[in-house]
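The values are calculated or read from the model by the stated rules, or taken from the named source; none is laboratory data. Note that the structure is predicted; figures quoted are calculated from it, not measured. All Cβ positions, glycine included, derive from the backbone under ideal geometry; neighbour counts span all protein chains shown. Heads up: the accessible areas ignore ligands, DNA and RNA and are worked out on the full protein's heavy atoms, side chains in. Shrake-Rupley method; radii C 1.70, N 1.55, O 1.52, S 1.80 Å.
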Amino acid sequence: MNYVGEIVGVGSFIPPKAVTNFDLEKLLNTSDEWIQQRTGIVKRHWVEKNVSTSDLAYEASLEAIKNAGIDKSEIDMIIFATLSPDHDFPGTGCFLQDKLEIPGITVLDIRQQCSGFIYGLSIADKFIRTGDHKNILLVGAEIHSKGLDKTPEGRDVSVLFGDGAGAVVISRREKTSDDQSQIISTALHADGSYAKELWLPGPGNAFEDDRCTLAMIEEGLHYPKMNGRNVFIHAVKRMAETLTTTLKKNNVTIDDVDLFLFHQANIRINEKVAEVMGIPAEKIFNTIHDYGNTTAATIPIGMSDALKAGKLKKGMTVGMAAFGSGFTWASGLLKY
Ligand code: ACO
């Protein structure tokens, strides 16, 4: 039997508290003008104190499962993508599984940062195609706000990131035609020689002594560090490169694609990718102005918002591309 994976349910959850650029002006020696001009971000959402990453994921998952029209007991695998887990271990997928009360099924946490959702989609597709699994819940969720340096020293990174979660249910279908709704193709890449261009140094076992020390915290090693310009240059190059290859491999032209869902790190990255590839602006669905960079949650949140806005409809061909820390990058093509 030939199987394909179809996205049958999409959900998202954005924490209610909006943090505008003007709010950040009070903390970070920044300005609304700088942030909007350099990134396109107008606001992002940050959680209240008592909320965890798995809480956001739970809400998004419930919506995705409801929209899939299945019972949560029919989910047989969770794939969880995040760089901001509830705890170092176990993976946040286990905490989500417990909240969903679906014990015993396969749970897999993956760590590919902004490319996490497309990596997860690819893994889900493979598990479905083997016939092993039937209904996979793929979640991307992040709480960045609890890990950012909210002093002027952290302004280059801290203005960029927001909290949120997105989820999809991918169901196994018998393959009947190339035109049916399905994940068509994915491509996954990484280059670890750039790992320290965007990373969170501590805590960790690469340190000589204890993995977590007071000195480490005093040095601010528990805050993300980024070489923004280098990330920017590589993001444009790699997103355009992998998406072009995926389209070619599947004999699909830009005209054939109805909607592009790109990772949202900086509006100027997406504009450059569009320029390089000749993609009309109206085919790209951007959310960065409202949410900032929500890393692994970005593409499923975009999918959810595009559906709610009527921009994504059944039968559409969708192209995806993402780039993030690692460096990792990925692209995907699906028939929604
Ligand atoms: N507010 C005001 N000024 C700032 C801020 C801020 N928040 N941040 C930096 N500046 C200043 C800098 O200090 C610098 O000042 P100087 O000229 O006096 O030295 C000036 O603004 C310009 O800084 P640049 O770094 O050159 O600004 P640039 O135009 O490159 O934009 C940015 C910076 C937005 C970070 C950009 O480089 C970028 O978006 N890079 C990619 C980020 C990205 O894709 N991250 C992926 C994360 S995904 C993941 O996997 C986690």
Projected label distance in nm at A281 and S73, using a 7 Å step from Cα toward the beta-carbon: 5.2 nm
Given charges at beta-carbon only (K, R positive; D, E negative), |dipole| of the range 182-335 in Debye: 640 debye
Cα-projected label distance for E33 with T106, points at 7 Å along beta-carbon direction, nm: 5.4 nm
Per residue accessible area of the range 285-336, 1.4 Å probe, in Å²: 23 Å²
Contact order relative to length of the range 3-174, as percent, for alpha carbon pairs under 8 angstrom and 6 or more apart: 37 percent
Among H189, L200, V252 - extreme Cα towards positive end, dipole of the range 179-269, charges at beta-carbon: V252
The chain: relative contact order in percent, alpha carbon pairs under 8 Å with at least 6 residues between: 26 percent
Residues in the range 135-155 that a label on E219 would reach, taking backbone N under 20 Å of a point 7 Å out along Cα→Cβ: 147-151, 153-155
Gain upon complete extension [E25, L62; 0.36 nm per residue less C-alpha separation]: 9.8 nm
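Return the carbon/sulfur percentage of the accessible area of the range 5-55, one whole number, probe 1.4 Å, all protein chains in place.
53 percent
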For the range 194-336, the spread of Cα positions along each principal axis, largest first, Å: 55, 29, 23
Listed residues W34, W199, W46, most fluctuating in the chain (Gaussian network, C-alpha, under 10 Å): W34
Cβ charges +1 (Lys, Arg) and -1 (Asp, Glu), total dipole of the chain, debye: 760 debye
Inter-site label distance for A206 and S177 at 7 Å from Cα along Cβ, in nm: 5.1 nm
Neighbour net charge for F127 - beta-carbon separation under 12 angstrom, K R +1, D E -1: +1
